[in-house]
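In what follows, a single structure is set out as structure tokens and then discussed.
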Amino acid sequence: GLLAVIPYVLESLALNYVRLKSHSLVQRYVLDRHFYFQLLAIFVTVLSGSLADVVKAFIDNPSSIETLLGRSIPGVGAYFLQLLTVKATVSIAVEAARPIPLARELSLRRLMERRDPPSEELKLGHAVPQMLMVVLVAVLYAAIAPLILVPAAIYFWLAEPVYRKHLLLVYTKTSEGGGAALFPALAYFSALSLGIGQLAPVWQSSFRRLITSLTG
């Protein structure tokens, strides 16, 4: 529930506190901070504790981060497998059915007023971080738990026709930027996800070497 509310809170901040005037800048503001929040949530989940506990352990012994991650990342693999499975089924089904807009359009008031369906945009700051999180989790566990790649692949296999259809027939463009606001963010965060994923085997091998040296 918190992860679902976060983009709306960020959008409100962008409009009412930061007072961004451009629609594309608002969505870029939401996209950046929404992804970083999800990255922080994954980091805390991996370490299986509260944010305060994780920060305290890191401050007390910064060199322990490889041990913490090497021990914790494999331990929560089942959780992320379930998370991607739910995303590959429930989230894509919700996007395909769009129950909330459907309920809004079928309300008695709209039927009586006989209005045309209002235009609706695909808010990139809401949707793109969800996709990037699937990429991040998939590359994070690709080397140590390859089974996670299965629901990740299913997610994108199902998401591609659903979003393509909605972008062509349902969503309405509110601005023409030629991808200038989105592509740099996609390139940067995709590279960041791949970089973090490459560190996972390093952390795990460091932890294994530590255990071997202590027991050998």
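Ordering Arg28, Arg19, Arg164, Arg98 from largest to smallest accessible area (1.4 angstrom probe), what's the sequence? Before the final figure, lay out each step's value.
Details: Arg28 75, Arg19 150, Arg164 120, Arg98 40 Å².
Largest accessible area first, the residues go Arg19, Arg164, Arg28, Arg98.
The Ala187 and Asp60 beta-carbon pair, evaluated with R₀ = 35 Å, returns a calculated FRET efficiency of approximately 0.45.
For Val18, the accessible area of its heavy atoms, probed at 1.4 Å with every protein chain present, is near 60 square angstrom. Listed values for the stretch 127-142 are Karplus-derived 3J(HN,Hα) couplings in whole Hz (6.51 cos²θ - 1.76 cosθ + 1.60, θ = phi - 60°), namely 8, 5, x, 5, 5, 5, 5, 4, 4, 4, 5, 5, 6, 5, 10, 4, and x replaces Gly and Pro. Multiplying the residue separation of Ala97 and Phe156 by 0.36 nm and removing their Cα-Cα distance gives an extension gain of 19.5 nm.
The Ala4 and Leu199 beta-carbon pair, evaluated with R₀ = 30 Å, returns a calculated FRET efficiency of approximately 0.55. Once both labels are positioned 7 Å from their Cα atoms along Cα-to-Cβ, the gap between Leu147 and Leu13 label points is 3.7 nm.
The values are calculated or read from the model by the stated rules, or taken from the named source; none is laboratory data. Everything quoted here is computed from the prediction, not taken from an experiment. Cβ sites come from the backbone with ideal geometry, for glycine too, and all protein chains shown count toward neighbours. All accessible areas refer to the heavy atoms of the entire protein, side chains included, with ligands and DNA or RNA removed. Shrake-Rupley method; radii C 1.70, N 1.55, O 1.52, S 1.80 Å.
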